[in-house]
Amino acid sequence: MTSQNQTYKLEEEYDPQSRFDNIPPEIEPEFWKHKKLEDMSKAEWELLCDGCGKCCLNKLEIKGKIKFTNTYCRFLDCQSCLCKIYPHRFEKVPDCRDIDLAAIREKPRWLPKTCAYWLLDNGYDLPSWHPLITKKAASVKEAGMDLSNRPLVCETEVKDYEDYLVDWEDL
Ligand code: SF4
Ligand code: SF4
């Protein structure tokens, strides 16, 4: 059972750069340019996530469209944009979503416009700041595309999500 007062920390030291320093040799160069999402291996799939954290913002559905708020799941570490309970997220947060094909194709769109999965599935290329292009996990933060350095409110502080709607260009 989750207590709102319990403090969670990142469960282990995890360096996001390690994903891009140690790309397995079986991963083909620029695999995302010639493979559909449904044909990707698990390792390729995982490399696509840029770690922006924007899918962990709370959202409202209003008049058939998803509106993002600047409130975040209590288990998100806003600086690293990592989940503090990643291995247990589905047990502890019933509405935490797995990023699978159904989630990516769901209408109305609830993933941010910059999400690599949504971009590729909709015929776009990866953005120039994506770590698979730059080989640097930090390039997401440097481009201002993750959640760090944004005005955010933890969901535990929120009474009415409608007070926190945001219209950021990258959502
Ligand atoms: S929005 Fe997409 S790219 Fe960003 S953290 Fe979520 S799944 Fe990864
Ligand atoms: S529990 Fe789910 S929504 Fe919350 S921070 Fe972790 S991955 Fe994001």
Listing 156, 71 by rising number of other beta-carbon atoms within 10 angstrom, fewest first, gives 156, 71
Here the FRET efficiency for residue 138 versus residue 45, based on Cβ atoms and R0 = 22 Å and rounded to 0.05, is 0.50
14 Å beta-carbon shell around residue 28, net charge (K/R +1, D/E -1):
-1
Along each principal axis of its Cα atoms, how long is the stretch 18-164 end to end? Whole angstroms, biggest number first, please.
49, 30, 30
Would you order 159, 65, 54, 92 from fewest to most other beta-carbon atoms within 10 Å of each residue's own beta-carbon?
159, 65, 92, 54
Among 88, 130, 34, what is the fewest-to-most ranking by other Cβ atoms within 10 Å?
34, 88, 130
If you take the C-alpha gyration tensor of the stretch 44-125, multiply each eigenvalue by 5 and take the square root, what semi-axes do you get, largest first, in whole Å?
20, 17, 12
If we count every other residue with Cβ under 13 angstrom of residue 138's Cβ, Lys/Arg +1 and Asp/Glu -1, where does the sum land?
-1
State the extension gain, in nm to one decimal, for the chain segment bounded by residue 122 and residue 10, taking 0.36 nm per residue of separation less the distance between their alpha-carbons.
37.0 nm
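Each value in this text was obtained by applying a stated rule to the coordinates, not by laboratory testing. Predicted, not measured: the structure shown is a model, and the values here were computed from it. Every residue, glycine among them, receives a Cβ derived from its backbone with ideal geometry; neighbour counts consider all protein chains shown.
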